[in-house]
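Structure, as structure tokens:
The values are calculated or read from the model by the stated rules, or taken from the named source; none is laboratory data. Here the structure is a predicted model, which is why all the values come from computation and not from measurement. Positions of Cβ are generated from backbone atoms using ideal geometry, with glycine treated the same way; all protein chains shown enter the neighbour counts. For accessibility, only protein heavy atoms count, side chains too; no ligands or nucleic acids. Shrake-Rupley method; radii C 1.70, N 1.55, O 1.52, S 1.80 Å.
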Amino acid sequence: QPAGVLHFTGKGPYLINDKDYSSFELEWEWKLEAKGNNGIKYWVNKIGEKEWLGVEYQMIDDHGHPDGLKGGSHNTGSIYDIVDSSQDKKLLPIGEWNKSRVVVKDGKIEHWLNGTLASSADTKTEAWKAAIAKSKFSKKQGFAPGHGKLLLTAHGDPAWFRGLRIREL
């Protein structure tokens, strides 16, 4: 691999940082193979004995992976299983480098994809609480507390990351 490129080929273990973040801007580039699935999680905390959970920026083959074909909150750029991604987001074809950005400030979340806003939420609202209640995280006590670590996932599909940069806000 070229210098500065992370290439994941298997399932876990994940890459997780040591520092907690609340408000931040995270930028990176990524690409997947056909039918691929991956993501970056933030506000990650240990839930129970061994489960690390956080809010996820979904990166998936929207047109080839079974979960991506479900659409909505399972598509690229979504706040995974919580908030749908925009219909007019600018997702590049499989194998090309996409540029993503997450901006989290004072509880407000924005997921950007190739310069367009893909999804957003205000975690201090009743709408956010209702979306969590309808998600697979509804019974996870302490999920998305507004601070936590960053985690690069490895779902078992080949994925590439480069240019990861984070800035506290």
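Some notes on this structure:
- Which listed pairs, of LYS46/LYS149; LYS46/LYS139; LYS11/LYS70; LYS41/LYS140; LYS105/LYS136, have C-alpha distances above 19 Å, in listed order: LYS11/LYS70; LYS105/LYS136
- Of the residues TRP128, SER138, PRO66, the one whose Cα sits farthest toward the positive end of the charge dipole of the chain, with +1 on the Cβ of Lys and Arg and -1 on the Cβ of Asp and Glu, is SER138.
- The chain shape via C-alpha gyration tensor axes, a/c threshold 1.5: rounded
- Prolate/oblate/rounded label for the range 5-100 (Cα gyration tensor, a/c 1.5): prolate
- Test item: Cα-centred dipole of the chain, Lys/Arg +1 and Asp/Glu -1 on Cβ, debye: 260 debye
- The range 51-164: relative contact order in percent, alpha carbon pairs under 8 Å with at least 6 residues between: 18 percent
- Assuming charge only on the beta carbon of Lys and Arg (+1) and of Asp and Glu (-1), the dipole of the range 41-123 about its Cα centre is about 260 debye to the nearest 20.
- Exposure of ILE166 as accessible area (Å², to 10), given a probe of 1.4 Å and all protein chains: 60 Å²
- Relative contact order of the range 101-148: 22 percent, from C-alpha pairs under 8 Å at least 6 residues apart in sequence.
- Accessible area of the chain divided out per residue, in Å², using a probe of 1.4 angstrom: 51 Å²
- Taking every DSSP helix (H) stretch of at least 4 residues in the chain, weighting each as -39,500 (n - 2.57) and dividing the sum by the residue count yields a mean residue ellipticity at 222 nm of -1500 deg cm²/dmol.
- The range 44-169 - percent of accessible surface contributed by carbon and sulfur, probe 1.4 Å: 51 percent
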